[in-house]
Amino acid sequence: NAGVMQNPRHLVRRRGQEARLRCSPMKGHSHVYWYRQLPEEGLKFMVYLQKENIIDESGMPKERFSAEFPKEGPSILRIQQVVRGDSAAYFCASSPESNYGYTFGSGTRLTVV
Amino acid sequence: AQSVTQLDSHVSVSEGTPVLLRCNYSSSYSPSLFWYVQHPNKGLQLLLKYTSAATLVKGINGFEAEFKKSETSFHLTKPSAHMSDAAEYFCVVSDLTGANNLFFGTGTRLTVIP
């Protein structure tokens, strides 16, 4: 079992570009969670998805951020028109069912220049 | 509402001496509590978790934590620090009956002095 796979590991974008972060959950896991870690801070919840459904997006910024988890393929966190403040580590976690226990990926470190 | 307070942002110990990383939580419901470790530029690894079974929880790499409801604490301990323990440690609370997300503390950076 390859675990939760996130790619790319590092992503550099210029201000105004789009960033796409991918997360492939562990085999058999149908629940995906995205967290953001700003420098010198703990992780903060962004969004919780099941296949083809957004269950809880209470932690997502209202603009420029979106997430999906299609029937086939990885979950995608999309940030449009990135700004310097979006620079952070974005972690994905998955679980086989809700509140069961999370496995985290190694994260994608986004740098906006 | 759930929240976690990690009382020390940095802890420094000598190799071979005990480790104590402090954590206090706030939860409206019966909480689940976790400790995660993050090595530099790595992902998060689960050290241990408490989910209303035994109050003393043993984790990986010799770490353990004790859930004390009267003190709302879940401190992480290890009898003897190893150089490889140097990392960032996060205390995390989750509410089993509420939203499906974890609340992280701000982390404690552990330094181990040779």
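Just one of A:Val83, A:Val47 is more than 11 Å from chain B (Cβ to nearest Cβ) and over 24 Å from B:Cys23 (Cβ atoms); which is it?
A:Val83
Return the pair list, or none, for Cβ contacts closer than 7 Å from residues in segment A:32-44 that are in contact (Cβ under 8 Å) with a residue 24 or more places away in the chain to residues that are part of a loop (DSSP other than H, G, I, E, B), at least 6 apart or on different chains.
If the second residue must be part of a loop (DSSP other than H, G, I, E, B), the pairs left are A:Val32/A:Pro25; A:Val32/A:Phe69; A:Tyr33/A:Tyr102; A:Tyr33/B:Asn101.
Could you please find all residues in segment A:55-78 being under 14 Å from A:Trp34 (Cβ atoms), away from chain B (no Cβ under 12 Å) and over 10 Å from the mean Cα position of the chain (by Cα)?
A:Pro61, A:Phe65, A:Phe69, A:Pro74
Can you tell me which residue within segment B:18-29, out of those that are assigned to a strand (DSSP E or B) and modelled with pLDDT under 95, is farthest from B:Phe90 (Cα to Cα)?
Here the residue is B:Ser26.
For A:Ser95, which of the numbered conditions (1) at pLDDT 90 or above; (2) crowded, with 18+ Cβ neighbours inside 10 Å; (3) within 14 Å of chain B (Cβ to nearest Cβ) fails to hold?
The single condition A:Ser95 does not satisfy is (1).
Among the listed residues B:His10, B:His39, which satisfies the condition of being surrounded by fewer than 15 Cβ atoms within 10 Å (Cβ to Cβ), on the phi < 0 side of the Ramachandran plot, touching a residue at least 60 places away in the same chain (Cβ under 8 Å) and within 14 Å of chain A (Cβ to nearest Cβ)?
After applying the criteria, what remains is B:His10.
Could you tell me how many of the residues in segment B:20-36 are away from chain A (no Cβ under 12 Å) and either free of Cβ contacts under 8 Å to residues at least 24 places away in the same chain or not polar (S, T, N, Q) (or both)?
Looking only at that region, the number is 6.
The values are calculated or read from the model by the stated rules, or taken from the named source; none is laboratory data. Bear in mind that the values here come from a model prediction, so they are computed numbers and not experimental data. Positions of Cβ are backbone-derived with ideal geometry, glycine not excepted, and every protein chain shown enters the neighbour counts.
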